[in-house]
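Below is one structure; the comments refer to it alone.
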Amino acid sequence: MTAPVSGTSSATDRGVGPLLRAWRERRRVSQLELALRADSSARHISFVETGRSRPSEEMVLRLAEHLDVPVRERNALLLAAGYAPHYPETPLDAPALDAVREGMERLIKGYEPYPALVVDGTYRVLAANRGIAMLLDGVAEHLLAPPLNAIRLTLHPDGLAPRIRNLREWRGHLLEQMERQIALHRSQPLRELYDEVAAYPVPPAAPGDEPEEPVPYFALPMRIEHEGHILSFVSSISTFNTPMDVTVAELAIETLLPADPATVKYLHSLLS
């Protein structure tokens with residue numbers, strides 16, 4: 001069920017050396033520092049990066065681990081070095097992931113009446129609870145046609161954007177989050193999504209949309225109108241530790257925590 005988050009279709013053409021060097025430079029790690037971390041030598045790292053030495057499969061995985069390379073990209077490094085991928089990419093609806101899928105569904109249902117959803121690496125919505133469905137009231141039908149995309153639903157002029165009272169702040173937060181992910185994953189689909197949503201028109205702030213004085217929240221809230229009520233949420237995102245599958249590595253559970261007592265009261269009255 002998860003869409004590819006790959007920007008490395010030409011990895012085997014480039015060779016593993018330039019790819020490893022690119023990841024090392026992205027992480028701002030010197031050859032010597034990487035060698036010390038990976039129990040190797042700066043000379044060997046240099047030879048690998050320039051193509052003078054072919055790293056073993058174990059060395060590719062070790063370097064990738066110390067460079068914090070995403071799981072999908074580790075497979076790309078292995079392919080570029082002439083080895084088979086190490087990490088499977090199991091469809092989310094496969095029996096092997098029943099426990100993962102059912103566990104996430106129980107988690108987001110148990111979070112009700114507060115909104116929660118599961119997305120993949122390109123923000124495709126894989127599961128959502130009643131709290132999310134409530135927020136989507138009034139969203140244009142063309143945005144609700146599968147596959148739903150959480151970023152597109154939020155920032156599109158026919159989506160939630162017109163009801164988000166601090167749209168400029170929230171939009172800036174989401175775009176910065178996507179920029180960080182693009183830098184980490186080098187994902188072409190994510191880059192295309194970013195370019196799309198960044199180009200959406202941003203309406204001028206209406207009176208009352210932005211508070212006159214900064215509100216001392218512990219995190220930036222999303223303030224959204226629903227049937228005449230202003231609801232306030234802060235977002236929390238959870239991922240799996242040490243995933244051994246590409247699909248699982250790219251799953252994220254986003255929960256929207258009420259940021260004020262009025263939002264708590266409203267949601268309980270509406271969905272409990």
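The values are calculated or read from the model by the stated rules, or taken from the named source; none is laboratory data. Keep in mind that what you see is a predicted model, and the values were worked out from it rather than measured. Cβ placement follows ideal geometry from the backbone for every residue including glycine, while neighbour counts extend to all protein chains displayed. SASA here: full protein model, heavy atoms, side chains in, ligands and nucleic acids out. Shrake-Rupley method; radii C 1.70, N 1.55, O 1.52, S 1.80 Å.
Here are some notes:
- Tilt relative to the chain, helix 98-110 - C-alpha long axis, 0 to 90 degrees, to 10: 30 degrees
- Whole-Hz couplings from phi, Karplus 6.51/-1.76/1.60, listed for region 238-252; x for Gly and Pro: 10, 10, 7, 7, 6, x, 10, 9, 4, 4, 5, 4, 9, 7, 9
- Gain on full stretching of the segment that runs from Glu176 to Asp137 - 0.36 nm per residue minus C-alpha separation: 11.4 nm
- Calculated accessible area for the chain comes out at 51 Å² per residue, all protein chains present (probe 1.4 Å; ligands, DNA, RNA ignored).
- Phi-derived couplings, Karplus 6.51 cos²θ - 1.76 cosθ + 1.60 at θ = phi - 60°, listed residue by residue for region 49-65: 5, 8, x, 7, 9, 8, x, 6, 4, 4, 5, 4, 5, 5, 5, 4, 5 Hz, with x used for Gly and Pro.
- Each label point was placed 7 Å from the Cα along the Cα-to-Cβ direction; for Glu65 and Leu32 their separation is 2.5 nm.
- Cα pair count fraction exceeding 28 Å, expressed as % - region 114-272: 20 percent
- Once backbone amide H atoms are built at 1.01 Å from N, Glu89 has Val246 as its partners under 5 Å, excluding neighbours fewer than 5 places away on the same chain.
- Taking amide H positions as modeled 1.01 Å from N, with prolines and chain starts lacking one, the residues under 5 Å from Leu126 and 5 or more places away or on another chain are Val118, Val119, Asp120.
- Rounded to the nearest angstrom and listed largest first, the equivalent-ellipsoid semi-axes of region 125-190 from its Cα gyration tensor are 22, 16, 10.
- The solvent-accessible area of Arg171, taken with every protein chain present and a 1.4 Å probe, is close to 50 Å².
- His66 sits among other residues whose Cβ lies under 11 Å from its own Cβ, and their net charge, with Lys and Arg +1 and Asp and Glu -1, is 0.
- Counted charge near His185, where neighbours are those whose Cβ lies closer than 9 Å (Asp, Glu -1; Lys, Arg +1): 0
- Rg/Rh, computed from the Cα trace of region 7-149 with Rh as the Kirkwood radius, has the value 1.14.
- When peptides 42-52, 93-103 are ranked by their average number of other Cβ atoms within 10 Å per residue, the highest-first order is 42-52, 93-103.
- Surface composition of the chain: carbon plus sulfur atoms hold 54% of the accessible area, using a 1.4 angstrom probe and ignoring ligands, DNA and RNA.
- Over the chain, Cα pairs under 8 Å with separation of 6+ residues give a relative contact order of 21 percent.
- Residues whose amide H falls under 5 Å from that of His226, counting only those 5 or more places apart or on a different chain, are Leu231, with hydrogens built in the peptide plane.
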